[in-house]
Amino acid sequence: MKFNFNSAKPIFLQVAEQIEDAIFTGTFKEGSQIPSTTEISKNFQINPATVLKGMNILVDNKLLEKRRGRGTFVSVGAQSKIIKNRQENFYNDYIVNLVHEAKNLNIDEIQIINLIKRGYKA
Amino acid sequence: MSEGIIIKNLVKSFRKDVILDNVSLKIEPEKIYGLLGRNGAGKSTLMNIIADRKFSNSGSITLNGSTIHDNDENLSKVYLTSEIDVYPDKFKIKDLFHWVSDIYKDFNNDLCKKLSDEFKLNLNSKFGNLSTGYNSIVKIIVALCVPADYIFLDEPILGLDAKNRDVFYNALIQTYSDRPRTFVISTHIIEEIANIISNVIVIKNSKILIDDSTENILASSYAVTGPASQVDEYTDGLNIVGSEALGKIKSNYIFGELNDKPIPDTVTISNIDLQKLFVNLTDKE
């Protein structure tokens, strides 16, 4: 996990994003236990309440589940849920910016499609 | 009832100098506060008055509804790091720890031993012979082990090297997780503690300038950067707390709300960190 403390995003959101990213990449596997609030707090020297606030976002989204007295675990199905979610947001997260910048650079539709084709071949 | 420490209209002056000018504050249970201010702003005096080590000229301080002053029950809930300065210089550290653990019956002896190891503290050293760093370390250890609910750490990292500061921050987080209680920490190394503190109190010229959650403060701190004239035009009417210029590029630092004016393409708005905000806010008289 990595935090950009100068980012405009509040730290608790960054905590949520970083854990989500670790589930997405498979670093935190479904059904496995993730580090405790205290461990994450100490590692990055972040207030435990901030870490908990970030984790609770993922608990609310059912990506994590708390097991009483045992810790926090990655929910079964969490990874595919994240993938589905990111697919749905792909247009807004990437395509909109890509087309905006392409227009600024006078790159037209045909050229951009060719660039995408080139990207897939690389 | 756990409503915390409530300070109302506190005034402290010494001869002709006003040290605290009508300070009102609430210190809530189970939070970690950063108490920030330039040298001489009044941080230590405020802590000493809350812990009943110094007296105010007027104003009131209560803990959970009753006074702290001359109230043994409430005094046992408040601890200030400089309290151990009253021990004789010739005391060995191990005797000092014994002494403190006799006074506080729930003193955490296990944690005291663990932290002494982590900081590589020689328990046979005499209190008066310690370096600045180790003097701070002894104060930190006692503060984290006493059973009080409101711990005031007055410049705890004074003289500590980078490794020992790290040990301190981790020990603070661990003990806070194990037993949530309030810590009020005065420090000048804001960068290192910015993400650990949940609340920030800034004292400037004897008055409280800011008292809010770290999250709220950071969410209303901005740098507006771009060509000087456009930056000045956009930030006109906003609470500008400072600015910096590099050639024709200028940054105005804002603390507070932005306006609904359209943002020119040449101007970028970014967030600033606590240290930068503090430096700008406390720069001028």
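The values are calculated or read from the model by the stated rules, or taken from the named source; none is laboratory data. Small disclaimer: the values here were computed from a predicted structure and weren't measured. Neighbour counts are summed over all protein chains in view; Cβ atoms, including those assigned to glycine, are modelled from backbone coordinates with ideal geometry. Quick note on the areas: whole protein, heavy atoms, side chains included, nothing else; ligands and nucleic acids left out. Shrake-Rupley method; radii C 1.70, N 1.55, O 1.52, S 1.80 Å.
Annotations
- Partner lysines for B:LYS114 [C-alpha distance under 28 Å; skip if fewer than 8 residues away on the same chain]: A:LYS42, B:LYS31, B:LYS77, B:LYS90, B:LYS92, B:LYS94, B:LYS105, B:LYS126, B:LYS139, B:LYS163
- Around the amide H of B:PHE152, modelled in the peptide plane, lie the amide H atoms of B:TYR79, B:LEU80, B:THR81, B:VAL184, all under 5 Å away and 5 or more residues distant in sequence or on another chain.
- For the stretch A:11-76, the convex hull spanned by the alpha carbon atoms encloses 77 Å³ per residue.
- Cα Rg over Rh - chain B, Kirkwood: 1.03
- In chain A, the convex hull through the Cα atoms has an average projected area of 9.7 nm², a quarter of its surface area.
- Taking every alpha-carbon pair under 8 Å whose residues sit at least 6 apart, the stretch B:220-282 reaches a relative contact order of 44 percent.
- Within the stretch B:7-116, the chymotrypsin sites (Phe, Trp or Tyr not before Pro) that combine a DSSP coil assignment with at most 12 other C-beta atoms in a 10 angstrom radius are B:PHE55.
- Shown for the stretch B:43-194 is the translational diffusion coefficient from the Stokes-Einstein equation, using the Kirkwood radius over Cα pairs, a temperature of 4 °C and a viscosity of 1.567 mPa s: 81 µm²/s.
- Note on the protein assembly as shown: with neighbouring protein chains present and a 1.4 Å probe, carbon and sulfur make up 50 percent of its accessible heavy-atom surface.
- Candidate lysines - alpha carbon under 19 Å from A:LYS103, same-chain residues fewer than 8 apart omitted: A:LYS117
- Residue-normalised convex hull volume from the C-alpha trace of the protein assembly as shown: 208 Å³ per residue.
- Computed from backbone phi with θ = phi - 60° and the Karplus coefficients 6.51, -1.76 and 1.60, the 3J(HN,Hα) list for the stretch B:275-280 is 5, 5, 4, 4, 4, 5 Hz; x is used for glycine and proline.
- Anisotropy class of the stretch B:160-269 from Cα gyration tensor, a/c 1.5 cut: prolate
- Pairwise centroid distance, computed over Cα atoms, of the stretch A:42-81 with the stretch A:100-122, Å: 39
- Rounded, prolate or oblate (a/c below 1.5 giving rounded, otherwise prolate when a/b exceeds b/c) for the stretch A:79-121 by Cα gyration tensor: oblate
- Ratio Rg/Rh [Cα only; Rh per Kirkwood] for the stretch B:179-226: 1.02
- Partner shielding of A:41-54 amounts to 5, given as the average count of beta-carbon atoms from other chains within 10 Å of each residue beta-carbon.
- Straight-line cross-link reach from B:LYS16 at under 19 Å between alpha-carbon atoms covers these lysines, not counting any fewer than eight positions away in the same chain: B:LYS43, B:LYS54, B:LYS204, B:LYS207.
- Alpha-carbon Debye profile of the stretch B:104-242, log10 I(q)/I(0) at 0.16, 0.19, 0.20 Å⁻¹: -0.91, -1.17, -1.26
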